[in-house]
Structure formats: structure tokens, C-alpha cells
1. With segment 47-121 as the region, which strands (runs of 3 or more DSSP E) entirely inside it contain at least 1 residues that are within 24 Å of Arg209 (Cβ to Cβ), in contact (Cβ under 8 Å) with a residue 60 or more places away in the chain and among the small types (Gly, Ala, Ser)?
2. For segment 229-240, indicate whether the set of residues that are within 15 Å of Met87 (Cβ to Cβ) and hydrophobic (A, V, I, L, M, F, W, C) is non-empty.
3. Looking only at segment 35-92, filter to residues that are in contact with a Pro (Cβ under 9 Å, 6 or more places away or on another chain) and acidic (Asp, Glu); which one of those is surrounded by the fewest Cβ atoms within 10 Å (Cβ to Cβ)?
4. From the list Gln320, Gln358, which one is farther than 24 Å from Leu208 by Cα and polar (S, T, N, Q)?
5. Determine whether Leu135 is touching a residue at least 40 places away in the same chain (Cβ under 8 Å) and either within 15 Å of ligand 1 (Cβ to nearest atom) or surrounded by fewer than 12 Cβ atoms within 10 Å (Cβ to Cβ) (or both).
6. Take segment 93-132 and flag every residue that is over 22 Å from Leu47 (Cβ atoms), out of contact with any strand residue (DSSP E or B) (no Cβ under 6 Å at 6 or more places or on another chain) and crowded, with 17+ Cβ neighbours inside 10 Å.
7. Is there a residue being in contact with a Ser or Thr (Cβ under 7 Å, 6 or more places away or on another chain) and either part of a helix (DSSP H, G or I) or on the phi > 0 side of the Ramachandran plot (or both) anywhere in segment 390-397?
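Just so you know, all these numbers are worked out from the coordinates, no wet-lab data involved. In this text the structure is predicted, and so the values were computed from the model without any measurement. Quick reminder, even Gly has a Cβ in these numbers, built from the backbone with ideal geometry, and neighbours come from all protein chains shown.
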Amino acid sequence: MIPTVFRNGLLPLLVLLAGVFCLSPAAPQKGKRGKDICPYCKNDPVLLKRAGLVSHGPIDFGPENGSEGIKERLALSDWLFLETDHMRWASSLRAETLKGKDRKRLAPELENLRELFPEIPAKVKKLDPYLRLHLMAARGEKFYARFQKLLGVTDADFAESRQFDKPYMGNGRFLGEKDKFEVLLHSNRGMHQKFTKEHMGTVVTDSLRWHFRGQHKMLASIPAVDADLRNDVSLYPHTVHNLSHLMLCAYKHFSYDPPTWLDEGLAHVMEHEIDNEFHTLDGEEGSMPDNKGPGDWDLKLKKLHKRDKVTSFARMIRIQTFGQMSQEDHVSTNGMVRFLIDEHPDKFAAFIGAIKGQLNAEGYPDGSDLRGLQRKQLKELWGLTPNSLDVEFHAWIEAR
Ligand SMILES: [Zn+2]
Ligand SMILES: [Zn+2]
């Protein structure tokens, strides 16, 4: 919940010093769940490297004391870690027995993983904690590539720190942040709340995102506890929703909040690329899965259009917090972002780049008058006004 919490002024609590990182050679992991070492990659550097992975740990993680600190401070859970090229994962997810439809859904992903790790059995009836972690880690890298494609960038666009002789791209190799993206997947809500209380200064029931200023890293803490989030089928799109928020905020460095409509609309679209009927709604208390709203938002958008209830672009850019968004706003911003990605991918990438990288006269990031900037970009890139954009958007809805 980066934007909400930052707006509430809790940010000063977070000027934390870089932790003492534990980067000693990999040691076998002792776990209450039986296996001492990952049965798939065996933490073998050759197998790991081939798969774009770094290590099961110990690794850097969180604001202080790395993965060892997580194990120590959140000791009621049994933790596994996995670092990839752009991300780090900490998971206390438990094993999940797969139903027939889960096995079918997961077959292609498991097939891809099996090519890298032949120890994965041909018929997986149960995802053990290591397999759940490996699946999420592979998806994290896949999503990173998806997001870079959307932004029209590659790793080569991001230097170690700001290059003053080149166009502004932030202040680090990870989309403009200095450190990798991190996700904590909890099987125990108490541990989620302990972590957020200690490091984010707030206790919430649902998923929470944070920017650790000292380390320039983005982290999401996700309690995969309730029935609607515990299992892989929903945890995957929900995690992607949160990653979309983290990565948009990180792009060209998180110096100010991106426009709410863009932030939430994009997170919905990314989530729907995984599961079109799973929705995460952000509010003042974190981001939570939503089972109550309509299943298919494409249909809902058409219905809104018939009733002349689609949120106008002029209204979208006035939305200031996630809490202000109505169900119609969620569906409309999702539709608007889908329209822009499908019909104008290059201009939309340029639009995001301009919104995320505004500089003041002295050349420093500046989040002032983002509404004006959006209108200006609309005109410069498309030759449109908010009203004429609505006309194009509505024509697109009708034609679908
Ligand atoms: Zn492994
Ligand atoms: Zn969201």
C-alpha cells in the first residue's frame, strides 16, 4: 500500500540503515517440513544459474539482517528463500494438494520448470513448499520481463546510479531502484503483522507494500492465509497485482506517487493477464482479494458503457487515493489501461515514462501537477484531450 501509507505520513519511520547482509556460502536449510535441502535444484550453483536463479540462501532480504534475520524475527514460521536475477522471495507457504483442474492449469508451467530441474516428477499431485517457491520465483522473472516489455525498456537502460549525461532513468539497475524487488509470502498472518509493525510502522490484515528508502528497495508482505488467497490459483494473480504496483512505483525511482488510476488500472490488467476473473482491490488498509465484485470485468465494462456509467478520463486523473475508487472506477481504469496497451503500446510506454520521470528546473524528480502533465502528454503523444480520449475509448468498448 505504498501510496496510501506514504500519504498518511508514516514514511519518516522508514529511514532505515542498510542491514548487515549475510552472504556467507550457501548452507543446507534445516526445516521442520522435512527436507534439509531443495530436492529440485539442490542449491547447485550450476543448475541455479541455468535457471536465472542465484541462491536459496542465506541471502540479503528485508530492511536488516537478511534472510537469517527473517528466520530469527519471524520464527513461528518455517522460511525458505530464493533469490533470482531481479527478485528475492521469502516463503513460509505450506504444501498444497492439487485438484484435477489445478494440475491441468499448472501442467505447462511445471513442464517448463522440469526442463531446468529434472527431479520434478512427471505427475505432480502436491506442490511442496520448495516447488511453490520455485514456481513463484520463475513467475517473478517472467513478470519482470512482461513489465519491461510494457515500459519498452531492458536491463541495459538502467545504470548503477543516475547518469547525468543521459535521459533520466532513475537511480539504479532495478527499473530505477538500487536493489531487487522482494516478496514475503506468509502462511501465518501474525508473522505478516509482526513484520509490518516492526518495519513499516503499521499493522494491517491484508497485503502491504513498502519502499525501503535507505536501501532503495521495494517489498511486498503478503499474508496467504484466508481461503481466497491460500492456494496457488489465487495467490499467483494477487502477487502479480502487488508486483505491478511495486514496479510502476520503482520505475525511474520512487520519488513521488504515480497517478492512482494508472497505478491501480495497470495492476488490474497485469493481474487479469494471469486470471481474468480474479481481482485485488486496494484500500486504506492494504490490498485484498475481492470475491464480491463481478467476475468478468470486460462484460461489466460493456454494461457500464450501455448505462453511460464509464468513469471519464477527466474524473480518473482526479482520483487521489485507492480508497476513493468506486467499483465503476476499478472496472473503468482496468478497461482504459487495457485499451491503451492494446491499441497504443508505444505511446502508452512513452506516457508512463513521462509521468514517472518528471524533473524540476534543477533536474530533480518532481511530482507536482501530475494532472497537468497527463493532459499535456495526452496532447503531445496523441493529439487528444481527456474528452476526445473518452470518445476513442468508448468506440473501442463498443467494438469488442
Ligand atoms: Zn531449489
Ligand atoms: Zn492495487
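1. Working: elements: 53-55, 80-84, 87-91.
Filter on segment 47-121 gives 87-91.
2. Yes: segment 229-240 contains one or more residues that are within 15 Å of Met87 (Cβ to Cβ) and hydrophobic (A, V, I, L, M, F, W, C).
3. So, considering only residues that are in contact with a Pro (Cβ under 9 Å, 6 or more places away or on another chain) and acidic (Asp, Glu), the one surrounded by the fewest Cβ atoms within 10 Å (Cβ to Cβ) is Asp36.
4. Just one listed residue meets the conditions, Gln358.
5. Numbers: touching a residue at least 40 places away in the same chain (Cβ under 8 Å): yes; either within 15 Å of ligand 1 (Cβ to nearest atom) or surrounded by fewer than 12 Cβ atoms within 10 Å (Cβ to Cβ) (or both): yes.
Taking the combined requirement at face value, the residue satisfies it.
6. Correct list: Leu98, Asp102.
7. Filtering segment 390-397 for residues in contact with a Ser or Thr (Cβ under 7 Å, 6 or more places away or on another chain) gives 390.
If we keep only those that are either part of a helix (DSSP H, G or I) or on the phi > 0 side of the Ramachandran plot (or both) too, we end up with 390.
The answer is yes; a qualifying residue exists.
Yes/no per residue for (1) of a type outside the set (Ser, Thr, Tyr); (2) part of a loop (DSSP other than H, G, I, E, B); (3) at positive phi; (4) in contact with a helix residue (DSSP H, G or I) (Cβ under 7 Å, 6 or more places away or on another chain):
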site: His253; (1), (2), (3), (4): yes, yes, yes, no
site: Tyr256; (1), (2), (3), (4): no, yes, no, no
site: Asp263; (1), (2), (3), (4): yes, no, no, yes
site: Leu266; (1), (2), (3), (4): yes, no, no, yes
site: Val269; (1), (2), (3), (4): yes, no, no, yes
site: Glu277; (1), (2), (3), (4): yes, yes, no, no
site: Leu281; (1), (2), (3), (4): yes, no, no, yes
